[in-house]
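Novice: Quick one: this structure, given as structure tokens, is what I'll be asking you about.
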């Protein structure tokens, strides 16, 4: 059984993960139908699936596939409410890349 | 053993109480003789990938090791991806983004079925699990003593940082100042000192933070602080324009880093709000 990781990333890492699944925590800035603009140390567009329940201004954890235009096709989303420390999330994404042996199967 | 001594006094001692791990502290305190079984009984925060890797590296359940330390009790944080109620236990598939693992929560004989457990942890909720590593047919799972749903998402990130911190403490040890000291030191030695050193040891590669005064600061704040140390010379402080030019950091970053240093009382403003000087001690 090949283990798979879903790397934690911020916006800046997206172009290293085109075609792969990632986990990204950010703040919902805009909701437009089935698209959302999300800020995670830079903003990106998320193409939502049907069971996504986001609210503008809330934190959200997105798991999805990175498109070539660096938008994300959402596979799963989790509303995190308002108490999210985004700076902490971004730091964790960075730490997880510094210590890949703890966080990622290559 | 010295690495273990360091862990016992710092990571565990400082944080065990907060994450509910305090209940094994009794057995931990009793490890002065260094008995093998005793040393196994500490609660280790880990990522799921560490567990999977440890299983691949070890031959039997008795000597599961992570970073060269025997481990039996672990705590992990992850999202519930699948729930599988069975006659005697409920098996959860837990995913923390690094890997997935099965968690078995055994049911009390007296109580009926696993409906409660299933209802308490719907799919995709984040949970914290305290349990024992178990290996069966070459596959590792956790026998859960305790599970609870996570209400504050920041705990997820906190756990990942704690797991990283413990890993670094065990693999790199404290800094030269305390490194070899291990269990010999005064058990009441300030844990803040140790924590600072542990952080520095971890940051050695990426952050290079050698000054314990800025150990708790962000990388950029540390960078700014070091630049200020090297550039000092004028009691009127240095204006943000010169800082930006000197550090090659963006104005926004400098502002944020300076705010952080101000908050810690490491610098103060002088002639105006955007001119700072280091507070000498």
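The values are calculated or read from the model by the stated rules, or taken from the named source; none is laboratory data. None of these values were measured; they are calculated from a predicted model. Using ideal geometry, Cβ is built from the backbone for each residue, glycine included, and neighbour counts are taken over all protein chains shown.
One line per residue, one yes/no per condition, for (1) more than 14 Å from chain A (Cβ to nearest Cβ); (2) at pLDDT 55 or above:
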position	(1), (2)
B:1	yes, no
B:4	yes, no
B:10	yes, no
B:26	yes, no
B:51	no, yes
B:63	yes, yes
B:73	yes, yes
B:80	no, yes
B:93	no, yes
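Novice: Would you be able to tell me the number of residues in region B:227-273 that are over 20 Å from residue B:214 (Cβ atoms) and touching a helix residue (DSSP H, G or I) at 6+ places or on another chain (Cβ under 6 Å)?
Specialist: Qualifying residue count, region B:227-273: 1.
Novice: With respect to residue A:69, is the statement that it is farther than 23 Å from residue B:48 by Cα, under 14 Å from the mean Cα position of the chain (by Cα), away from chain B (no Cβ under 14 Å) and surrounded by fewer than 20 Cβ atoms within 10 Å (Cβ to Cβ) true?
Specialist: Taking the combined requirement at face value, the residue does not satisfy it.
Novice: Considering (1) closer than 30 Å to residue B:167 by Cα; (2) touching a strand residue (DSSP E or B) at 6+ places or on another chain (Cβ under 8 Å); (3) at pLDDT below 95, say which one residue A:53 fails and leave the rest.
Specialist: (1) is the only condition that residue A:53 fails.
Novice: Let me ask another. Does residue A:77 satisfy the condition of being crowded, with 19+ Cβ neighbours inside 10 Å, within 10 Å of chain B (Cβ to nearest Cβ) and over 14 Å from residue A:21 (Cβ atoms)?
Specialist: Criteria not met by residue A:77.
Novice: Output the qualifying pairs, or none if there are none: Cβ atoms under 9 angstrom, residues six or more apart or on different chains, first residue in region B:121-138 and free of Cβ contacts under 8 Å to residues at least 40 places away in the same chain, second residue surrounded by 12 or more Cβ atoms within 10 Å (Cβ to Cβ).
Specialist: Cβ pairs passing all conditions: B:136/B:61.
Novice: Residue A:88 - would you say it is free of Cβ contacts under 8 Å to residues at least 40 places away in the same chain, within 26 Å of residue B:66 (Cβ to Cβ), buried (at least 21 other Cβ atoms within 10 Å of the Cβ) and facing chain B (nearest Cβ under 10 Å)?
Specialist: Spelling it out, it is not the case that residue A:88 is free of Cβ contacts under 8 Å to residues at least 40 places away in the same chain, within 26 Å of residue B:66 (Cβ to Cβ), buried (at least 21 other Cβ atoms within 10 Å of the Cβ) and facing chain B (nearest Cβ under 10 Å).
Novice: Here's a follow-up. Which residue is farthest from residue A:101 (Cα to Cα), if the candidates are limited to region B:150-182 and must be in a loop (DSSP other than H, G, I, E, B) and modelled with pLDDT of 90 or more?
Specialist: If we take residues in region B:150-182 being in a loop (DSSP other than H, G, I, E, B) and modelled with pLDDT of 90 or more, then B:151 is farthest from residue A:101 (Cα to Cα).
Novice: Counting just the residues of region B:95-138 that are assigned to a loop (DSSP other than H, G, I, E, B), out of contact with any helix residue (DSSP H, G or I) (no Cβ under 6 Å at 6 or more places or on another chain) and under 29 Å from residue A:80 (Cβ atoms), which one comes out farthest from the other protein chains (Cβ to nearest Cβ)?
Specialist: Among them, the one singled out is B:114.
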